[in-house]
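Asker: Structure in structure tokens, see below.
The values are calculated or read from the model by the stated rules, or taken from the named source; none is laboratory data. Bear in mind that the values here come from a model prediction, so they are computed numbers and not experimental data. In this analysis, Cβ positions are derived from the backbone assuming ideal geometry, glycine residues included, and neighbour counts consider all displayed protein chains. Side chains included, ligands, DNA and RNA excluded: accessible areas come from the protein's heavy atoms. Shrake-Rupley method; radii C 1.70, N 1.55, O 1.52, S 1.80 Å.
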Amino acid sequence: MRTGNYCAFYVAEPFDAGPLAAHATKDFVYYNTLRMWKGADAAFPFSDSHATTYNVRDGSDWETTLKPRLRQRLRNSKNVLLFLSAATVNSRAIREEVEYGIRDQKLPFIVIYPDYKTRAELLSDGRLKQSVRDLWSKVPAFRDHMGLVPTVHVPLHKETITQALRANAYMFETKIDPCIHRYDP
């Protein structure tokens, strides 16, 4: 049974989990925000798929260690939380996570926009703002294939993310038919 939430976020390559390197990458900091919320509130419905396998290190080989580890984590996940911000870059890892998550695993996506703090900030005239939709081009694999899986778009707001994480529509076992949702988990 799939129980984890897989977080996809940009980190500079090669990745260095050292004291400053990872924490200087904004998307990694946003991922740590979820971990912090979980640490402070056991009821926060986040189960970190990255904590289910051995950590990967900067010097690990892509084909023999990194890529298989990412795929294993995705196979154990019920959805993907994609952090998409102005700082996001289309790295090899994020492409692999998105492509494998959508095409091979058919995982629902919860897209978190850290540059937006409320639902209203995501919208204009009842639609996602053009500035939000423009971020999709930062990860072309997501932009081109998100229509294949259920996708919800949310700001970096604890209660809204909680609603999305609890919504059966965005869990592998109970997902809805693919469609683009604005923000209503």
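Asker: Over 28 Å between C-alpha atoms is what I'm after, so list which of Lys38/Lys129; Lys129/Lys158; Lys78/Lys117; Lys138/Lys158 land there.
Answerer: Lys38/Lys129
Asker: Here's another thing I want to ask about it. Round to a whole angstrom and tell me the spacing of the C-alpha centers of the range 114-183 and the range 65-98.
Answerer: 16 Å
Asker: Against the empirical 2.2 N^0.38 Å scaling, what ratio does the C-alpha Rg of the range 85-169 come to?
Answerer: Relative to the 2.2 N^0.38 Å estimate, the range 85-169 comes out at 1.07.
Asker: Now for a separate question. Residue by residue through the range 64-73, what is 3J(HN,Hα) from phi via Karplus (6.51 cos²θ - 1.76 cosθ + 1.60, θ = phi - 60°)? Round to whole Hz and write x for glycine and proline.
Answerer: In residue order, the calculated couplings are 8, 10, 5, 4, x, 5, 4, 5, 4, 4 Hz.
Asker: What is the packing order of peptides 112-125, 68-81, taking the mean over residues of other C-beta atoms within 10 Å and listing the highest first?
Answerer: 68-81, 112-125
Asker: Quick one: accessible surface of Lys138, probe radius 1.4 Å, all protein chains present, in square angstrom to the nearest 10.
Answerer: 60 Å²
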